[in-house]
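**Student:** The following block contains the structure, expressed as structure tokens.
Bear in mind these aren't lab numbers, they're just calculated from the coordinates by the rules spelled out. Only a predicted model underlies this, so the values are computations on that prediction, with no experimental measurement involved. Every residue, glycine as well, gets a Cβ built from its backbone with ideal geometry; the counts of neighbours run over all protein chains shown.
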Amino acid sequence: MNILKKSIFGYILYGIFITAVFLFLLFPSDLVRSRLEAAFLSSGLMLKTESVKPALPLGIKFKPISVRSAASDSVPFQGERLDVQFNPLSLFQKSKSFGFSGKAYGGSFKGSIGVASFSKFYPFEEGELTLQDIDLGKYTFLKTIIGKEITGRAKGSLSYSAPGKKSKPGIINLVFTKGTYPLAEPFLGMNRVDFDIAEIKARLTDGNLILEKLSVSGPQLKCTMSGDIAVAESFQDSMLNLKGDLELLGQHKAKMKITVGGTMQNPELRYN
């Protein structure tokens, strides 16, 4: 009897193995690519990739991959590799969830997203993202978002939930190293701020970005601020309400209080 049970178990394993091999060998790459392109296009995005292959256990691997806006030339994402894995438990839930990982912009990333259905990927209902050593200078879409070209390396995590969902607020924890941030107007001869390290800790709640901590440290200055940003449809138009302390280094040594109003595109600074 034990021999019979072992034989049946062996045949089952063999059957699973053969099925997996055939799925990999006969994977309909062109069909999957066209279906995904149609799904992205219905959300106003264009998906382009040279290679679509299955990835264990329940996923698809893209090499390379880009996601463009169908209405403009902006490129929200472009990566060397993206591995997407479906969460089978979400079949029994209203939202469908996927895990992902990959390489892009000189670094790596991983996370998860929740979507309304298989036919509508964007906008996401919720998501989490962890970044490691991302080169901001290579991420050109950042300028589209904030209107400025920022350089440096980024690491940290972000989470997001669509408005109306009963979940915790979005969380941002990011650290930037060895970069530059251009100033809207020259300040004491400086057209940009060079930083060794910058840190952002924030929460996104009901359309407001609550900035718990924004710290910048570099050869020119040290600055710590907090406050809130009223997020607009175009992030460049978001209203600023920040306060903090600024310490100038070098030949212009000084300490002062700083208040930042205006918008992301045109900030208004006051010192005292």
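**Student:** To make sure I understand, if each residue's beta carbon is the centre and we count other beta carbons within 10 Å, what order do Met46, Met225 fall in, fewest to most? Write out the running numbers ahead of the final one.
**Tutor:** Working: Met46 14, Met225 18.
In increasing order of surrounding Cβ atoms, one gets Met46, Met225.
**Student:** Subtracting the Cα-Cα distance from 0.36 nm times the residue separation, let me have the gained length for Phe86 to Met46 in nm, one decimal. List each step's numbers first, then the result.
**Tutor:** On the way: separation 40, 0.36 × 40 = 14.40 nm, distance 2.08 nm.
Gain in length upon complete extension: 12.3 nm.
**Student:** Report, in debye and to the nearest 20, how large the dipole of the range 141-272 comes out about its Cα centre when Lys and Arg carry +1 and Asp and Glu carry -1 on their Cβ.
**Tutor:** Numbers: 18 positive and 13 negative charges, 83 e Å.
Here the range 141-272 has a charge dipole of around 400 debye.
**Student:** Quick check: net charge around Glu149, other residues with Cβ under 12 Å of its Cβ, Lys/Arg +1 and Asp/Glu -1? Mind showing how you got there, number by number?
**Tutor:** Working: positive: Lys138, Lys143, Lys148, Arg192; negative: none.
Every neighbour counted, the sum reads +4.
**Student:** Taking the Cβ of each residue in Glu199, Glu247 as the centre, tally the other Cβ atoms inside 10 Å and list the residues starting with the fewest.
**Tutor:** If I rank by nearby Cβ atoms, fewest first, I get Glu247, Glu199.
**Student:** Give me the net charge for the shell around Asn266: Cβ to Cβ below 12 angstrom, other residues only, Lys and Arg +1, Asp and Glu -1.
**Tutor:** Working: positive: Lys148; negative: Glu185, Asp237, Glu268.
Summing Lys and Arg as +1 and Asp and Glu as -1 gives -2.
**Student:** Could you work out the relative contact order of the range 26-118? I mean the mean sequence separation of Cα pairs under 8 Å and 6+ apart, divided by the number of residues, in percent. Working shown, then result.
**Tutor:** On the way: 173 pairs, mean separation 16.8, N = 93.
Relative contact order of the range 26-118: 18 percent.
**Student:** Just rank Phe195, Phe124, fewest to most, by other beta-carbon atoms within 10 angstrom.
**Tutor:** Numbers: Phe195 24, Phe124 17.
Least crowded to most crowded, the residues run Phe124, Phe195.
**Student:** Please compute the net charge surrounding Ile113, taking Lys and Arg as +1 and Asp and Glu as -1 over other residues with Cβ under 11 Å from its Cβ.
**Tutor:** Summing Lys/Arg as +1 and Asp/Glu as -1 gives -2.
**Student:** Continuing with this model, one more query. Using a simple spin-label model with points 7 Å from Cα along the Cα→Cβ vector, what separation in nm is obtained for Arg203 and Ala38?
**Tutor:** For Arg203 paired with Ala38, the spin-label model returns 4.4 nm.
**Student:** Which whole-Hz couplings ³J(HN,Hα) result when phi for each residue of the range 68-82 is put into the Karplus expression 6.51 cos²θ - 1.76 cosθ + 1.60, θ = phi - 60°, listed in order with x for Gly and Pro?
**Tutor:** In residue order, the calculated couplings are 10, 6, 6, 9, 8, 8, 5, 10, x, 8, 8, x, 6, 8, 9 Hz.
**Student:** While we're here: Please give, to one decimal in nm, the separation of the simple spin-label points placed at Ala71 and Leu269, each 7 Å out from Cα toward the Cβ.
**Tutor:** Modelled inter-label distance: 3.4 nm.
**Student:** Now for a different question. When a/c is below 1.5 the answer is rounded, else prolate if a/b is larger than b/c, else oblate, so apply that to the range 123-272 with a ≥ b ≥ c taken from the square roots of the Cα gyration tensor eigenvalues. Provide the component values of the computation, followed by the final result.
**Tutor:** Details: a/c = 1.85, a/b = 1.50, b/c = 1.23.
Prolate, because a/c is 1.5 or more and a/b exceeds b/c.
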